[in-house]
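Structure first, commentary second.
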Amino acid sequence: MASSAILGYASAKTIPDNEHIVGPIIATFAIISWWEATRVLRLYNVPLAVWLLLAPWVLGYDHSLATANSMIVGALVLGLSFVKGKIEDSYGGGWASLLKSDSVHAKEAQKRGKR
Amino acid sequence: MEINKLDAIPPGWSYNPASWGQRLPIVGFALVGLAIATYLALFQLHVFDTVWEPFFGGDSRKILTSATSKILPIPDAALGAIGYFVDALAGIIGGIRRWRTMPWIVIVFGLAVGPLGFISVLLVVLQPVLYDAWCTLCLCSAAVSVIMIGPAMDEMLASLQYMKRAKDANISTWKVFWGYKEVQGKVL
């Protein structure tokens, strides 16, 4: 979000605009992924990271520092998006369980009903 | 944990996402957001002549008086304040079993927190792209609303799982959603 101002290519229009759009969205998905129940949102950053790797060529960046910045940040986000981290709590089978009937929470509810 | 609170934990879960310990911090964030948005709205409504901006000079004024901020009949910060108020209210209503006794409030809570956060992010994008300016308190408000999304979603998941179990047991989703007495306890 701040790289164009810091690295000194704020006057180029396309590069800062691209970064000002992609930056907040990546930060948002990353923050939502802080919590275990929504950890899956880290994967939403994968296409955005790939876009950062491609953007210098697709948009024709004419600033080498901006290109390097985009590649480094893109590679970091891509790599870190695949780090799942620790999941210490259980969530009744999670979001995927909403699409099936034989889920963790359904089985557990049946067990509890018999007690 | 006390025995009488154990049934408040959704089946297959290791904790209760509707406990006060889970909900009050989100309500706290909503109140912080409400305070920021109210202050910004009062500036937009000309109650205050200046707005606090420690880093970006006149940028805050530029953002808060921009065309985007006036797109709706009321200033955008006032809309944000209403959003935060709904978040806080929907966070506080109901007991620790509300994920199954009143799914509607949990869903309202999730829907209020989620989209409000995403609109905040959109506004963050528009600041530099359309106006080449940053507004510190607007960024703080956006950060607050994004931080609230994750912790609100686990409770919504518990409610949706409960409604799914009720649906699989052929119980009226409508009655379950509104927490009708007659369907309480039919599914755990």
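The values are calculated or read from the model by the stated rules, or taken from the named source; none is laboratory data. Note that this is a predicted model, so its numbers are computed, not measured. A quick note on method: Cβ atoms are made from the backbone with ideal geometry, for glycine too, and the neighbour counts reach across all protein chains shown. Quick note on the areas: whole protein, heavy atoms, side chains included, nothing else; ligands and nucleic acids left out. Shrake-Rupley method; radii C 1.70, N 1.55, O 1.52, S 1.80 Å.
Descriptive notes on the structure:
- Condition check for residue B:125: facing another protein chain (nearest Cβ under 9 Å), open to solvent by 10 Å² or more (accessible area, probe 1.4 Å) and not basic (Lys, Arg): yes
- Qualifying residue in region A:30-50 (condition: out of contact with any Gly (no Cβ under 9 Å at 6 or more places or on another chain), within 14 Å of chain B (Cβ to nearest Cβ), surrounded by 20 or more Cβ atoms within 10 Å (Cβ to Cβ) and of a type in the set (Phe, Trp, Tyr)): no
- Selection from region A:94-115 of residues that are part of a loop (DSSP other than H, G, I, E, B) and either away from chain B (no Cβ under 13 Å) or farther than 30 Å from residue A:24 by Cα (or both): A:100, A:101, A:102, A:103, A:115
- Selection count, region B:8-24, where residues are touching a residue at least 24 places away in the same chain (Cβ under 8 Å) and of a type in the set (Phe, Trp, Tyr): 2
- Given (1) surrounded by fewer than 20 Cβ atoms within 10 Å (Cβ to Cβ); (2) touching a residue at least 60 places away in the same chain (Cβ under 8 Å); (3) among the aliphatic types (A, V, I, L, M), index of the condition residue A:66 fails: (1)
- Residue B:71 out of contact with any His (no Cβ under 6 Å at 6 or more places or on another chain), farther than 24 Å from residue A:29 by Cα and modelled with pLDDT of 90 or more: no
- Single residue of region B:25-60 satisfying the filter (closer than 20 Å to residue B:94 by Cα and without any contact (Cβ under 8 Å) to a residue 60 or more places away in the chain) that is nearest to the other protein chains (Cβ to nearest Cβ): B:28
- Any chance residue A:77 is more than 14 Å from chain B (Cβ to nearest Cβ), in contact (Cβ under 8 Å) with a residue 24 or more places away in the chain and open to solvent by less than 50 Å² (accessible area, probe 1.4 Å): yes
- For region A:80-93, the set of residues classified as buried (at least 17 other Cβ atoms within 10 Å of the Cβ), part of a loop (DSSP other than H, G, I, E, B) and more than 9 Å from chain B (Cβ to nearest Cβ) is empty.
- Each residue in region B:129-188 was checked for being in contact with a helix residue (DSSP H, G or I) (Cβ under 8 Å, 6 or more places away or on another chain), of a type in the set (D, E, K, R) and either under 21 Å from residue B:115 (Cβ atoms) or within 11 Å of chain A (Cβ to nearest Cβ) (or both), and 7 pass.
- Residue, farthest from the other protein chains (Cβ to nearest Cβ), within region B:12-24, restricted to residues that are closer than 27 Å to residue A:96 by Cα and open to solvent by 30 Å² or more (accessible area, probe 1.4 Å): B:20
- Residue check for residue B:115: free of Cβ contacts under 8 Å to residues at least 12 places away in the same chain and over 30 Å from residue A:109 (Cβ atoms): yes
- Here is the figure for region B:98-111: residues that are closer than 14 Å to residue B:30 by Cβ and buried (at least 23 other Cβ atoms within 10 Å of the Cβ) total 1.
- A count restricted to region B:46-63 and to residues that are assigned to a loop (DSSP other than H, G, I, E, B), touching a helix residue (DSSP H, G or I) at 6+ places or on another chain (Cβ under 7 Å) and open to solvent by 50 Å² or more (accessible area, probe 1.4 Å) stands at 5.
- Count of region B:64-93 residues, restricted to those that are in a loop (DSSP other than H, G, I, E, B), surrounded by fewer than 19 Cβ atoms within 10 Å (Cβ to Cβ) and not hydrophobic (A, V, I, L, M, F, W, C), is 3.
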